[in-house]
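This report refers to the structure that appears directly beneath it.
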Amino acid sequence: MKEAQYYQKQNSRAICYLCPHTCELKPGERGKCRIRKNIEGKIHSTVYGKPNAVNTDPIEKKPLYHFLPGKKALSIGTAGCNHSCTFCQNWRMSQKTEEEIKSISLSPEEVVKEAQQQNTDIIAYTYNEPTVFFEYMQDIAKKAREKNIKNVAVTCGLINQKPLEDMCKFIDAANIDLKYFSDQLYREISGGYLKPVLNTIKTLKQKGVWIEITNLLIPGLNDTEEMITEMCNWIVENIGEDVPLHLSRFHPAYKMQEKPPTPIKTVKKAKKIAKEKGINHVYIGNVPGEMRDTECSKCGSTLIERRNLRSNFRALDPEKGRCSECGTSISGVWQ
C-alpha cells in the first residue's frame, strides 16, 4: 500500500478529493472506487504495485488511432473504478477490490523494465479506471519518461481539477470514454456525472495531451439522433473537428444482459451524423469487417490502412503529418 494524494484528514476520518465523489471515509472504509481506504486516519491506495493485468497490445486496441500508429503498448490495470457501469466489459477487475482478485507484485521500476524487455514504446494504463490508481500510474510514468517511453491513459474522465492538471504533466495521450451526453444517464447507469467528464476532455486538450473520444452506443439509452447530435455539436464547438471519435457497438455484459447488441445500422447512422456535424475522423468499433482506415478529410485519400488492429501508412507522411496527395495537415502524433 501507499499513502494516497489528494485527501484531507478530519480527526479519524478522511475526505478523498481525487474525484467528484469526494468520499468521506471512516477508519477501515473504502471509497466508491473500492481501492482507496482509510487506514488509521490516512487514505491509502490498496493497489499500488499490484496490477492484475499486464499485457502487450497494439496501441490501436485502446483505441488510439492517431497516436503512434503501429506501435505496441505495455498495458496494465488493477482492481477498482469510480464508476459502476452496469454494462462494464471488465467488471471482474473494475468492480472488485484488490482482495477479491489475483494480482502480481510489480514496482514502477519493474513495469518500466518490462516495457523495455517487451520492446514497447508506450505504457498504457487501462482495463480498469487508471485514475483510481493515480499514485502508481504517476510513479511509473515519471520513470518511463526517463527512458523515452510514452504514457497513455484509457479513462472515464471522472477526476477533480487538481489531480487532472497534475496528470497532464506525465500523460502523453488519452482516450476518454464519453458514456452518454446526459447527466441523468451517468447517474442512473454508471454512478457518475457528465460535467466533470466534459471538463476533463477540455482540460486535456488545453494542456496539450493528445486525446481521442470513445462513445459506446447502447440501444434505448444513448443511441437517439438527438443525443448523438448534441454530443457531436459539443465536441466540434469545444475541442474541434480534428479530435478522433470512436463509435462503439454495445454487446450484452455484466448486469445489462437484457439489451440486444446495437444494430449495425444505428452505429453507421451515428457515424453519418458525426461527419455531417463536422468531425473529420470518425471510426466504428466492435463491428467485424468494418473499415477503420484513416482518410484525408480534404481529398479522401487513404492515409493509414488498418487490418486486424495493424496500421500501415499509405498516403500519410509521418515526418510532416501531412497527406502526401494534397498536403493537408492531419492532426495526430505520428512518430
Do you know which residues across segment 118-142 are surrounded by fewer than 24 Cβ atoms within 10 Å (Cβ to Cβ) and among the charged types (D, E, K, R)? Asp121, Glu135, Asp139, Lys142
Can you list the strands (runs of 3 or more DSSP E) lying wholly within segment 118-229 that have 2 or more residues being over 27 Å from Glu98 (Cα atoms) and touching a strand residue (DSSP E or B) at 6+ places or on another chain (Cβ under 8 Å)? 210-217
Condition first: closer than 17 Å to Gln95 by Cα and either among the hydroxyl-bearing types (Ser, Thr, Tyr) or part of a strand (DSSP E or B) (or both). Now tell me which residues in segment 22-47 satisfy that. Arg30, Arg36, Lys37, Ser45, Thr46
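Do we have Lys2 as in contact (Cβ under 8 Å) with a residue 60 or more places away in the chain and surrounded by fewer than 16 Cβ atoms within 10 Å (Cβ to Cβ) here? Let's see the steps before the verdict.
Values: in contact (Cβ under 8 Å) with a residue 60 or more places away in the chain: yes; surrounded by fewer than 16 Cβ atoms within 10 Å (Cβ to Cβ): yes.
Here the answer is yes, as Lys2 does meet what is asked.
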For the subset of segment 317-328 comprising residues that are surrounded by fewer than 17 Cβ atoms within 10 Å (Cβ to Cβ) and charged (D, E, K, R), which member is farthest from the chain's Cα centre (by Cα)? Glu325
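If you check Ser331 against the conditions, is it within 24 Å of the chain's Cα centre (by Cα), among the polar types (S, T, N, Q), in a loop (DSSP other than H, G, I, E, B) and outside the structural domain of Ile213 (by TED's automatic domain parsing)? Before the answer, list the steps.
Details: within 24 Å of the chain's Cα centre (by Cα): yes; among the polar types (S, T, N, Q): yes; in a loop (DSSP other than H, G, I, E, B): yes; outside the structural domain of Ile213 (by TED's automatic domain parsing): yes.
Yes, satisfied.
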Counting only residues that are without any contact (Cβ under 8 Å) to a residue 60 or more places away in the chain and either of a type in the set (D, E, K, R) or in a loop (DSSP other than H, G, I, E, B) (or both), segment 97-117 contains a total of 12
Need the failing condition index for Leu316 against (1) in contact with a strand residue (DSSP E or B) (Cβ under 8 Å, 6 or more places away or on another chain); (2) free of Cβ contacts under 8 Å to residues at least 12 places away in the same chain, just the number. (2)
Is at least one residue of segment 278-287 outside any loop (DSSP other than H, G, I, E, B), surrounded by fewer than 19 Cβ atoms within 10 Å (Cβ to Cβ) and not assigned by TED's automatic domain parsing to the domain that holds Cys232? no
Checking Lys265 against (1) in contact (Cβ under 8 Å) with a residue 24 or more places away in the chain; (2) more than 21 Å from the chain's Cα centre (by Cα); (3) in the same structural domain as Thr86 (by TED's automatic domain parsing), only one condition comes out false. Which one? (1)
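Name the single residue that is surrounded by the fewest Cβ atoms within 10 Å (Cβ to Cβ) among those in segment 143-163 being without any contact (Cβ under 8 Å) to a residue 40 or more places away in the chain and at negative phi.
Here is the first cut: in segment 143-163, the ones without any contact (Cβ under 8 Å) to a residue 40 or more places away in the chain are 143-149, 151, 153.
Then keep just the ones that are at negative phi; that gives 143-147, 149, 151, 153.
Values: Lys143: 20, Ala144: 23, Arg145: 16, Glu146: 8, Lys147: 11, Ile149: 21, Asn151: 24, Ala153: 27.
That would be Glu146.
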Selection within segment 22-43 - touching a residue at least 40 places away in the same chain (Cβ under 8 Å) and either crowded, with 20+ Cβ neighbours inside 10 Å or hydrophobic (A, V, I, L, M, F, W, C) (or both): Gly31, Cys33, Arg34, Ile35, Arg36, Ile43
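Is it true that Glu188 is charged (D, E, K, R), free of Cβ contacts under 8 Å to residues at least 12 places away in the same chain and in the same structural domain as Gly80 (by TED's automatic domain parsing)?
Working: charged (D, E, K, R): yes; free of Cβ contacts under 8 Å to residues at least 12 places away in the same chain: yes; in the same structural domain as Gly80 (by TED's automatic domain parsing): yes.
So Glu188 fits the description; yes.
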When you go through (1) more than 18 Å from the chain's Cα centre (by Cα); (2) surrounded by 22 or more Cβ atoms within 10 Å (Cβ to Cβ) one by one for Asn175, which number turns out not to apply? (1)
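Residue check: is Arg306 basic (Lys, Arg) and either assigned by TED's automatic domain parsing to the domain that holds Ala274 or out of contact with any Gly (no Cβ under 9 Å at 6 or more places or on another chain) (or both)? Can you show your working first?
Values: basic (Lys, Arg): yes; either assigned by TED's automatic domain parsing to the domain that holds Ala274 or out of contact with any Gly (no Cβ under 9 Å at 6 or more places or on another chain) (or both): yes.
So Arg306 fits the description; yes.
The values are calculated or read from the model by the stated rules, or taken from the named source; none is laboratory data. Keep in mind that what you see is a predicted model, and the values were worked out from it rather than measured. Cβ: placed from backbone, ideal geometry, glycine included. Neighbour counts: every protein chain shown.
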